[in-house]
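Note sheet for the following structure.
Values in this text are rule-based calculations from the coordinates and carry no lab data. The structure presented is a predicted model; accordingly, all values stated were derived computationally and were not measured. Cβ sites come from the backbone with ideal geometry, for glycine too, and all protein chains shown count toward neighbours.
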Amino acid sequence: MGVDVMRESTLMWLQYITGLAILVLGAIHFASLTFFQVSNYDQALLYGTVVGRYTNIAWASALELFLALLSYHVFNGFRVILLELRQDGLWTKAVNVTMFLAGLVVLLYGTRTIALFMMGGGA
Amino acid sequence: MPASKTIRNMRGWLAGWFRVVQVNFERWLYALHRLAGVIVGLYLIAHIVETSETLVGPEAWDSTMAFLKNPAAHTGLLIIAAAAVYHGLNGVRLYLAASGVGIGRPVRPEWPYTPVSLTSSQRNLAWIFIAVTVVLIIYAFYQLFMISLWGWM
């Protein structure tokens, strides 16, 4: 990520775009934890409420999109901070590869939860 | 400069972000923006692991939620909520400023050479976003402490 695959300007443009999309989905997430379709935070955290959202196609899609956007935005943000500390070929490559893999792991691990519920899994 | 030469940022991590030489409101907002982003980013990793507990079953989930229902954990959540709201709203201000919105027009440099961008409408926007952030933090406090922990409703 970053060195050979895409120009830095494109990566930063994506950083802005994902940030704006995260703002919208984050607002929905915040509302869903406090007042939207629930009466308060405690009710939002009930097992039935959480699983109900994972098994609803609209909620699950929104969560998956939120996760994907966050995985990019967070780990590209970390990458930019780490590259500011030091610049040389090896460090740049190590940071790019590590952040890409870390973002991928978070995306896949979060997707696993959503996907398993959508496929009828869970206890 | 040879391509292989290592360039180190001698300003360091957090110390560098917050080492603001001249009083510059926007510079402080940017340092806080980064700190808030790192906090939320690290929380994402913990949150992904936490929510995967639902796959184990209702007992595991309820047990995790019970473990996290205490003043220390809710204070942590309040800090994360504050960081997320601040990072999001200040991010909009940065996006607008980077796009040239609210930073004024270039003027002839005259003493005391204050950049027009630091006195233009983006600064008002910053205060509006800070006010909204504070309101949302109060609402998060209401949900996390007054309702969830103290059971006022």
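A few comments on the model shown:
- Principal axis extents of the C-alpha atoms in the range A:8-118 (largest first, rounded to whole Å): 52, 26, 22.
- Taking every C-alpha pair closer than 8 Å and separated by at least 6 residues, the mean separation divided by the residue count of chain A gives a relative contact order of 32 percent.
- Distances between placed amide hydrogens fall under 5 Å for A:ARG86 paired with B:ASN9, all partners being 5 or more residues away or on another chain.
- Simple point charges give the picture: +1 on the Cβ of Lys and Arg, -1 on the Cβ of Asp and Glu, and for the protein assembly as shown a dipole about the Cα centre of about 1000 debye.
- Lys, Arg +1 and Asp, Glu -1 on Cβ, resulting dipole of the range A:8-118 about Cα centre, debye, nearest 20: 140
- Square roots of 5 times each gyration tensor eigenvalue, C-alpha, chain B, largest first, Å: 39, 23, 13
- Calculated [θ] (222 nm, deg cm²/dmol) that DSSP helices of n ≥ 4 give over chain A, each run adding -39,500 (n - 2.57): -27500 deg cm²/dmol
- You can think of it this way: the chain between B:TRP152 and B:PHE25 has 41.9 nm of extra reach, that is 0.36 nm per residue less the Cα-Cα gap.
- Each part reduced to its alpha carbon centroid, the range B:75-153 and the range A:57-123 end up 26 Å apart.
- Rounded to whole numbers, the Karplus 3J(HN,Hα) couplings from phi for the range B:122-131 are 4, 6, 4, 4, 4, 5, 5, 5, 5, 5 Hz, using 6.51 cos²θ - 1.76 cosθ + 1.60 with θ = phi - 60°, and x at Gly and Pro.
- Solvent-free Debye scattering, log10 I(q)/I(0), computed from the Cα coordinates of the protein assembly as shown at q = 0.08 Å⁻¹: -0.41
- Rounded FRET efficiency, nearest 0.05, which uses the C-beta distance separating A:THR111 from B:TYR139 and R0 of 22 Å: 0.15
- Over chain B, relative contact order from alpha-carbon pairs under 8 Å, at least 6 apart, %: 23
- Computed [θ] at 222 nm, helices only, for chain B once each DSSP H run of length n ≥ 4 contributes -39500 (n - 2.57): -20000 deg cm²/dmol
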